[in-house]
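The values are calculated or read from the model by the stated rules, or taken from the named source; none is laboratory data. Quick caveat: nothing in here was measured; it's all calculated off a predicted structure. Every residue, glycine among them, receives a Cβ derived from its backbone with ideal geometry; neighbour counts consider all protein chains shown.
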Amino acid sequence: MADTDRRRSRFSQILSSLRFRNYRLLFIGTVFSHTGDFMQAMAQSWLVWTLTNSPFLLGIIGFCQAAPRLFLSAIGGAMVDRLDRRRLLLITQVLAMLQAVAFWALVYFDLIQFWHVVVLVLFLGTVNTLNQTARQSLINALVPRDELMNAIALNSSVVNLSKLVGPSLAGVLISVIGVAGCLFVNAVSFFAIIISLVMMELPAWRRDEREGNFWQEVIEGYNYVRSNREVFGAFFLMYVVALVGSPYSRFLPVFASDVLHVGPAGFGFLVAAPGLGAVVAALLLASLGNIRRRSDVTTAGVFAFAFFLILFSFSRSMLVSCLCLLMVGASHIALRATANATIQMETPPHLLGRTLSLLFMDKGLWSFGTLFIGSVASVTGTPWAVTLSGAICALSAGAMIYHRGRAKERLSRTQELEKALVK
């Protein structure tokens, strides 16, 4: 009986943020919307690969999808701090739905060309630059502070559950109804998040009276990140992983077709495996509540991410590859969720949009990462390019441990000197 009560208590802890109606609505809408997003991402990658048969052009699409995050995130963050976040989310979701409809129409009527994909991906990347920052900032206002880590972890589990379900479903649908069918389903899925946002009951939004010059506010966000050691450390690791590690996912079509020879259905499983690992890891984090040594968890996550990514690059077995990607996804969500929580807990509310927007620039770095892997892959082959990516991530985590050790030594010496002067 006691064991049953403990299991119920742990399950309640995992889902504790869902007690709050507004967060629950966002959670439900996100499930459907993100599932459609990942279906489109897989259909888009498969479409580009079949159109071009070029790893480099796959890298170009990754660049276009992520570049707006890199070049516009700081501006978007300042806008999020100035505007009603729910209204901004509604606008971005409607625009993303219109993009999905246009994409579907071009494919369905057999008009699609590579440059169409480039334009549509750039547009969606720009919209998502505002959307993701507004969504994460809104979570901070939907739950109490002591539930924030749980809410962030649950939101991460939703995203990665969608990453599991969406590509698997897309792999089947591509075989049955084609790429156009996946794009159409994604367009319909946006209604869920739009309805959820409309149903929320939030206090009337009020403009921040501290607003000043727009560009000074953008610079203020940068200055805050530089001045806070914990926040800066989280940014460093996230940026390195985003620049050279995370873009591996853009090249999974190459592994599916040329390395493992498993076709579109196998490609769906490869894309879904990191999502499964991330869901499990996110739920575990949610059950733990607030984690005190978040920086250590972030660093350990980078090491684990690098190790299993290198193992994946050497694998020629579908089963081993899926297991490695499962662990890649689990470690990635651990480092990302703890870094996100560190930043949200350390940052004052009036700076939250700007700080989070700088964090989400890490996905903008994917743009250069995809070009880097694509360029190296054209010379050495894609598996060796991914091996190099994992090695660089591991070195960055080692550098962070060394830096923290030196900082602790300096602090200890300073404290000893102060004690000596007092005596």
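Just to check your reading of the model, which residue among T299, T370 is in contact (Cβ under 8 Å) with a residue 60 or more places away in the chain, among the β-branched types (V, I, T), more than 26 Å from I152 (Cβ to Cβ) and crowded, with 19+ Cβ neighbours inside 10 Å? Before the answer, list the steps.
Values: T299 fails: more than 26 Å from I152 (Cβ to Cβ).
Answer to the selection: T370.
So which pairs qualify, if the first residue must be in segment 210-224 and loosely packed, with under 13 Cβ neighbours inside 10 Å, the second must be at pLDDT 75 or above and of a type outside the set (A, V, I, L, M, F, W, C), the Cβ gap must be under 8 Å, and the two must be at least 6 apart or on different chains?
The qualifying pairs do not exist here.
Taking segment 45-67 on its own, how many of its residues are surrounded by fewer than 24 Cβ atoms within 10 Å (Cβ to Cβ), farther than 19 Å from G381 by Cα and either among the basic types (K, R) or in contact with a Gly (Cβ under 8 Å, 6 or more places away or on another chain) (or both)?
So the answer is 2.
With respect to H350, determine if the residue is over 20 Å from the mean Cα position of the chain (by Cα), under 28 Å from I75 (Cβ atoms) and either part of a helix (DSSP H, G or I) or not aliphatic (A, V, I, L, M) (or both). Let's see the steps before the verdict.
Details: over 20 Å from the mean Cα position of the chain (by Cα): yes; under 28 Å from I75 (Cβ atoms): yes; either part of a helix (DSSP H, G or I) or not aliphatic (A, V, I, L, M) (or both): yes.
Answer is yes for this residue.
Give me the residue from segment 269-301 that is of a type in the set (S, T, N, Q) and either assigned to a helix (DSSP H, G or I) or modelled with pLDDT of 75 or more (or both) and, out of that set, nearest to N150 (Cα to Cα). Write out each step before concluding.
Here is the first cut: in segment 269-301, the residues of a type in the set (S, T, N, Q) are 287, 290, 295, 298-299.
Then keep just the ones that are either assigned to a helix (DSSP H, G or I) or modelled with pLDDT of 75 or more (or both); that gives 287, 295, 298-299.
On the way: S287: 7, S295: 17, T298: 16, T299: 20 Å.
Taking the candidates together, the pick is S287.
Out of the helices (runs of 4 or more DSSP H) lying entirely within segment 1-116, which hold 3 or more residues that are modelled with pLDDT of 80 or more? If you could, list the steps in order and put the result at the bottom.
Values: elements: 2-14, 21-52, 55-82, 85-108.
Once the helices (runs of 4 or more DSSP H) in segment 1-116 are filtered for at least 3 residues that are modelled with pLDDT of 80 or more, what remains is 21-52, 55-82, 85-108.
Here's a check for you: in segment 240-264, which residue that is among the hydrophobic types (A, V, I, L, M, F, W, C) and not in a helix (DSSP H, G or I) is nearest to F307 (Cα to Cα)? If you could, list the steps in order and put the result at the bottom.
Within segment 240-264, the subset among the hydrophobic types (A, V, I, L, M, F, W, C) is 240-244, 251-252, 254-256, 259-260, 262.
Subset that is not in a helix (DSSP H, G or I): 260, 262.
Numbers: L260: 20, V262: 24 Å.
Here the answer is L260.
If a residue must be at pLDDT below 80 and surrounded by fewer than 24 Cβ atoms within 10 Å (Cβ to Cβ), how many such residues does segment 302-340 contain?
Within segment 302-340, residues that are at pLDDT below 80 and surrounded by fewer than 24 Cβ atoms within 10 Å (Cβ to Cβ) number 0.
State whether one or more residues within segment 164-174 are at pLDDT 85 or above and either buried (at least 21 other Cβ atoms within 10 Å of the Cβ) or out of contact with any Ser or Thr (no Cβ under 7 Å at 6 or more places or on another chain) (or both). Explain how you work it out, then say what you get.
We begin by selecting, within segment 164-174, every residue at pLDDT 85 or above; these are none.
No.
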